[in-house]
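Please treat every number below as a calculation from the coordinates, not as lab data. Since this is a predicted model, take the numbers as computed values, not measurements. No Cβ is skipped: glycine too gets one built from the backbone with ideal geometry, and neighbour counts run over all protein chains shown.
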Amino acid sequence: MARRPAAPTPLSKKRYKKLDLKSFFPSTNSTSGSNSGPSTRESGNVVVPESEEQEELRDSEPHPVETVQNVEHQEPSSHEQDVEGIKVFNPDVHLVSDPSLRVAIDQFHPDIRDDVRMAYLVKGPTKPYGHNFPKKPNDKRVFLKNWLQQYDWLEYSVAKDAAFCFYCFLFKQKPLETHFGHDAFSKEGYRNWKNAYNGFPQHVGGPTSCEIK
């Protein structure tokens, strides 16, 4: 009668705990030129691929490059649009004698504003010495002709019966001009003949005024 082979001796708990799980994986050569990714066996970390929801969330985040592109393609501001103005200066149309009927200098394109100023400087201020200056209703005071001789910057509008400043029209700078009657002498026109003896000298102002420059 043949002898029955002996049953294998089971591993004890103590011996099982000492088993190294790394021995079940083939060893890799760290110096090899393999292009495989980083080993998860040595680090002990497991690389979990991104889920579809995570990828969608990452793609939905704003990118700095897109933000810059959006800024670059913004429409020009209202200030940039207002800067355009009249691009062609036609002396036959734009060179007007009456100061109350002129196109303001800032309505022309910046590239031709000096040309407009030069044309007006060559022409000079409007001083209608031979005009019959009218009286105001219920007032005997009128614009005096000698004022045109006394103040070289002074102009007179026949259409509006008002005084204007020639140099304020050409060189006015809104943030800097604070002397007396700047808007009155450049836009609306000055008509207070009663106080003109004080108003005209006060308008000349200090060393930063248009008349001094």
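General remarks:
- K194/I105 FRET efficiency (R0 35 Å; Cβ-Cβ; nearest 0.05): 0.70
- Over the range 85-142, Cα pairs under 8 Å with separation of 6+ residues give a relative contact order of 31 percent.
- Peptides 183-196, 104-117, 129-142 ranked from most to least packed, by the mean per-residue count of other Cβ atoms within 10 Å: 183-196, 104-117, 129-142.
- Rule-of-thumb Rg ratio for the range 83-123 [Cα; 2.2 N^0.38 Å; N residues]: 1.05
- Links that overshoot a 25 Å alpha carbon limit, given the list K145/K187; K87/K172; K123/K160; K160/K194; K135/K172: K135/K172
- Label sites at R141 and M118, each approximated as a point 7 angstrom past Cα along Cα to Cβ, lie 4.2 nm apart.
- Per residue, the average separation of C-alpha pairs within less than 8 Å and at least 6 apart gives the range 99-200 a relative contact order of 26 percent.
- For R141, residues with placed amide H under 5 Å, excluding near neighbours: K136
- ³J(HN,Hα), Karplus 6.51/-1.76/1.60, whole Hz, each residue of the range 101-114, x for Gly, Pro: 10, 7, 7, 4, 4, 6, 7, 8, 5, x, 5, 10, 5, 5
- Extended-chain gain in nm, criterion 0.36 nm per residue less alpha-carbon gap, Q149 and I86: 19.3 nm
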